[in-house]
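To start, the structure under review is shown below, and the notes come after it.
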Amino acid sequence: MTMHDLSNLQLGIRRSAEMAAVFMIGDGLLGLLQPRRHVDLWRSEVEAVDLLVRPFADHPGRRRAYGLLQLGAGLLLAATLTRRA
């Protein structure tokens with residue numbers, strides 16, 4: 001692997017981390033602002049998917065708390081990312 005390849009790989013990892021941060025921030029905000037609607041949208045007949053949101057069904061306060069955690073984690077992740085030449 002050349003230095004150029006390594007640099008491109010590192011940039012790709014940082015971009016992926018930024019995308020994850022953006023997702024966490026957006027999902028956290030939706031969970032804070034519209035917890036019932038957000039959980040309802042993610043409910044599914046697919047058991048594996050439904051398992052992820054089931055703990056938040058009929059518990060908007062729990063979803064808001066998780067949303068706050070997601071928002072904070074996303075902002076922290078985004079703040080740590082820098083572009084290097």
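Take Ala78 and Met1, extend 7 Å from each Cα along the Cα→Cβ direction, and tell me the distance between the two endpoints in nm.
Between Ala78 and Met1, the label points sit 2.8 nm apart.
Can you tell me the accessible area per residue over segment 20-83, all protein chains present, probe 1.4 angstrom, in square angstrom?
Dividing the accessible area of segment 20-83 by its residue count gives 67 Å².
Please compute the modelled spin-label separation between Leu52 and Glu18, points set 7 Å along Cα→Cβ, answer in nm with one decimal.
2.4
Taking θ = phi - 60°, what integer Hz values does the Karplus form 6.51 cos²θ - 1.76 cosθ + 1.60 yield along segment 53-63, in sequence order, with x for Gly and Pro?
9, 3, x, 9, 4, 6, 9, x, x, 5, 5
Report in % the part of the accessible area of segment 20-83 that belongs to carbon and sulfur, leaving out ligands and nucleic acids; probe 1.4 Å.
67
From Cα pairs below 8 angstrom and at least 6 apart in sequence, can you work out the relative contact order of the chain, rounded to a whole percent?
Across the chain, relative contact order equals 44 percent.
Identify the trypsin sites (Lys or Arg not before Pro) of segment 4-57 meeting these criteria: DSSP loop state and at most 16 other C-beta atoms within 10 Å of the C-beta.
For trypsin sites (Lys or Arg not before Pro) across segment 4-57 that sit outside H, G, I, E and B with at most 16 neighbouring Cβ atoms in 10 Å, the list reads Arg43.
Tabulate in residue order the Karplus-calculated ³J(HN,Hα) for segment 66-81, using 6.51 cos²θ - 1.76 cosθ + 1.60 with θ = phi - 60°, rounded to whole Hz; enter x for Gly and Pro.
5, x, 5, 5, 4, 4, x, 5, x, 5, 5, 4, 4, 5, 7, 7
222 nm [θ] for the chain, helices only, -39500 (n - 2.57) per DSSP H run of 4+, per residue, to 500?
-26500 deg cm²/dmol
Quick query: amide H of Ser44 versus all other amide H atoms, modeled in the peptide plane; which residues come in under 5 Å with a sequence gap of 5 or more or a different chain?
For Ser44, the qualifying residues are Asp50.
Once phi is turned into θ = phi - 60°, what whole-Hz ³J(HN,Hα) does the Karplus curve with 6.51, -1.76 and 1.60 give for every residue of segment 22-36, x standing for Gly and Pro?
For segment 22-36, the Karplus-derived couplings read 4, 4, 5, 5, x, 5, x, 5, 4, x, 6, 7, 9, x, 5 Hz, x marking Gly and Pro.
Amide H to amide H, which residues 5 or more places from His59 or on other chains are under 5 Å from it, using H placed in the peptide plane?
Under 5 Å from the amide H of His59 lies no amide H from a residue far enough along the sequence or on another chain.
The values are calculated or read from the model by the stated rules, or taken from the named source; none is laboratory data. Everything quoted here is computed from the prediction, not taken from an experiment. Positions of Cβ are generated from backbone atoms using ideal geometry, with glycine treated the same way; all protein chains shown enter the neighbour counts. To get the accessible areas, we keep the full protein, side chains included, count just its heavy atoms, and leave off ligands, DNA and RNA. Shrake-Rupley method; radii C 1.70, N 1.55, O 1.52, S 1.80 Å.
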